[in-house]
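Here's the structure we're looking at; comments come further down.
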Amino acid sequence: MLELLHKNKQQALSELQRAADSTALKEWRSRHLGKESALMQALGSLGSLPAAERPDIGRRANEIRRSLKAACQQRADELRRAELDATPAAVLDVTLPGRPVQRGRLHIATQTLRRIYAIWAEMGFQVYRSPDVETDEYNFELLNIPAHHPARDMWDTFHADTPGVILRTHTSPGQIHAMREYCPEPIRVILPGMCYRYEQITARSEIQFNQVEGLAVGKNIRFTDLKGTLSDFARRMFGASTGTRFRASHFPFTEPSAEMDIECFLCSGDGCSVCKHTGWLEILGCGMVHPTVLQNGGYDPREFTGFAFGMGPERIAMLKYGIEDIRYFWGNDLRFLEQF
Ligand code: PHE
């Protein structure tokens, strides 16, 4: 009997080495340790053995059972390890540093816009939204730019199929919307938004870009208010010691009109490639609201005056960060966007 059990054990152990996966192992377990196995049968039939042999055989049979169980467990561990080694997870090295998390961020144009909003909010200007899709009337006529006026060339236009409907070429039509809504109250608003021009796309000009328009209307507003307010904006935006200058210019909806330059913040006015060795950077167009435009907005120009200005946040960001090509803004190249 003992000899038989011993032989079975040797057989079982050599079979165990051949069990190559968990199913084979399960079969092995039921064959050698299950109810029907020779070993369990022997243990079950101890009672029918002569009393003198019983303790010895019982003890040995239990020993065999324990060692088979242990061998089975060991084989199961081996198989599990082999399985893990074979999966790609085996290349996981938990001691390596973690991968950096990709963080989203605001577009550089949005960041610049928000900075501009914050500065104007501090100075008491609230944001006024006006539509991107405009009429010829608002975009041109009411701004003192009649059909065939040569100044229309400044704003090459996208026309919709419906006659008279266009994409705004600048944010100035918002001036009329704001005036017609607030008249006869005084106004202090900025009008930000996308503008569209039917132009050749180059490093310097895009067919879409943001503008931030500003409008102040009230009594006794003068050109000195315009100069003071815009110079203050420049100092808040570009630094407390930023110098400004106003050059005479022309816009049909302002009179007089000007362009504001700021002292080049790269060379502090000494002259460099960014300011094309002039020491100055052009930042915005501005002027006193033309009496005709005030009238079109509902205000009596004998009683009310105002100033308006328009700046390009992309252009400001380009100057500030040394961005050489405006096409990067809407190109959606992450290598560009991730830098800000
Ligand atoms: N609308 C002008 C432009 O697009 C800018 C401007 C706005 C000038 C307001 C004067 C006053 O060029």
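Going through the range 21-37 one residue at a time, which ones are exposed (fewer than 15 other Cβ atoms within 10 Å of the Cβ) and hydroxyl-bearing (Ser, Thr, Tyr)?
SER22, THR23, SER30
Would you point out which residue out of ARG335, ARG315 is part of a helix (DSSP H, G or I), modelled with pLDDT under 95 and within 16 Å of the ligand (Cβ to nearest atom)?
Exactly one of ARG335, ARG315 is part of a helix (DSSP H, G or I), modelled with pLDDT under 95 and within 16 Å of the ligand (Cβ to nearest atom), namely ARG315.
Within the range 163-191, track down each residue that is open to solvent by 50 Å² or more (accessible area, probe 1.4 Å) and either within 16 Å of the ligand (Cβ to nearest atom) or under 35 Å from the mean Cα position of the chain (by Cα) (or both).
Once the filter is applied, which keeps residues that are open to solvent by 50 Å² or more (accessible area, probe 1.4 Å) and either within 16 Å of the ligand (Cβ to nearest atom) or under 35 Å from the mean Cα position of the chain (by Cα) (or both), the range 163-191 yields LEU167, GLU181, ARG188.
Residues of the range 252-285 being within 16 Å of the ligand (Cβ to nearest atom) and open to solvent by 30 Å² or more (accessible area, probe 1.4 Å), which ones?
Of everything in the range 252-285, those that are within 16 Å of the ligand (Cβ to nearest atom) and open to solvent by 30 Å² or more (accessible area, probe 1.4 Å) turn out to be GLU255, PRO256, GLU259, GLU282.
Residue-by-condition table, conditions (1) surrounded by 10 or more Cβ atoms within 10 Å (Cβ to Cβ); (2) under 54 Å from the mean Cα position of the chain (by Cα); (3) outside any helix (DSSP H, G or I):
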{"site": "ARG65", "(1), (2), (3)": "yes, no, no"}
{"site": "ALA71", "(1), (2), (3)": "yes, no, no"}
{"site": "ARG75", "(1), (2), (3)": "yes, yes, no"}
{"site": "ARG80", "(1), (2), (3)": "yes, yes, no"}
{"site": "GLU83", "(1), (2), (3)": "yes, yes, no"}
{"site": "ASP93", "(1), (2), (3)": "no, yes, yes"}
{"site": "PRO97", "(1), (2), (3)": "no, yes, yes"}
{"site": "GLN102", "(1), (2), (3)": "no, yes, yes"}
{"site": "ARG105", "(1), (2), (3)": "yes, yes, yes"}
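So which residues in the range 38-60 are surrounded by 14 or more Cβ atoms within 10 Å (Cβ to Cβ) and modelled with pLDDT of 85 or more, if there are any at all?
Listed by number, the list holds a single entry, ARG60.
Is it the case, given these coordinates, that ARG245 is open to solvent by 60 Å² or more (accessible area, probe 1.4 Å), out of contact with any His (no Cβ under 9 Å at 6 or more places or on another chain), in a strand (DSSP E or B) and more than 14 Å from the ligand (Cβ to nearest atom)?
For ARG245, the condition - open to solvent by 60 Å² or more (accessible area, probe 1.4 Å), out of contact with any His (no Cβ under 9 Å at 6 or more places or on another chain), in a strand (DSSP E or B) and more than 14 Å from the ligand (Cβ to nearest atom) - is met.
Does the range 278-307 hold any residues that are assigned to a loop (DSSP other than H, G, I, E, B) and of a type in the set (Val, Ile, Thr), and which are they?
Matches in the range 278-307: THR278 only.
Pull out all pairs, ordered by first then second residue, where Cβ-Cβ is under 6 Å, the residues are six or more apart or on different chains, the first lies in the range 153-179 and is more than 21 Å from ASN296 (Cβ to Cβ) and assigned by TED's automatic domain parsing to the domain that holds GLN200, and the second is within 12 Å of the ligand (Cβ to nearest atom) and assigned to a loop (DSSP other than H, G, I, E, B).
Taking only residues 6 or more apart or on different chains, the pairs are ASP156/ARG197.
Which pairs do you get when a residue that is modelled with pLDDT of 95 or more, found in the range 280-304, comes within reach of a residue that is part of a loop (DSSP other than H, G, I, E, B) and among the basic types (Lys, Arg), reach meaning Cβ atoms under 9 angstrom, with the pair 6+ apart or on two chains?
Close Cβ pairs satisfying both conditions: MET288/ARG222; PRO291/ARG302; GLU303/LYS219; PHE304/LYS219.
When you go through THR305, THR254, THR242 one by one, which is the residue that is more than 24 Å from MET194 (Cα to Cα) and touching a strand residue (DSSP E or B) at 6+ places or on another chain (Cβ under 6 Å)?
Being more than 24 Å from MET194 (Cα to Cα) and touching a strand residue (DSSP E or B) at 6+ places or on another chain (Cβ under 6 Å) holds for just one of THR305, THR254, THR242, which is THR242.
Of all residues in the range 242-289, which are farther than 30 Å from ALA216 by Cα and of a type in the set (A, V, I, L, M)?
LEU266, VAL274
The values are calculated or read from the model by the stated rules, or taken from the named source; none is laboratory data. Quantities reported herein were computed from a predicted structural model and do not represent experimental measurements. When we count neighbours, we look across all protein chains shown, and the Cβ atoms used for this are built from the backbone with ideal geometry, even at glycine. Side chains are part of the model used for accessible areas, which takes the heavy atoms of the whole protein and leaves out ligands, DNA and RNA. Shrake-Rupley method; radii C 1.70, N 1.55, O 1.52, S 1.80 Å.
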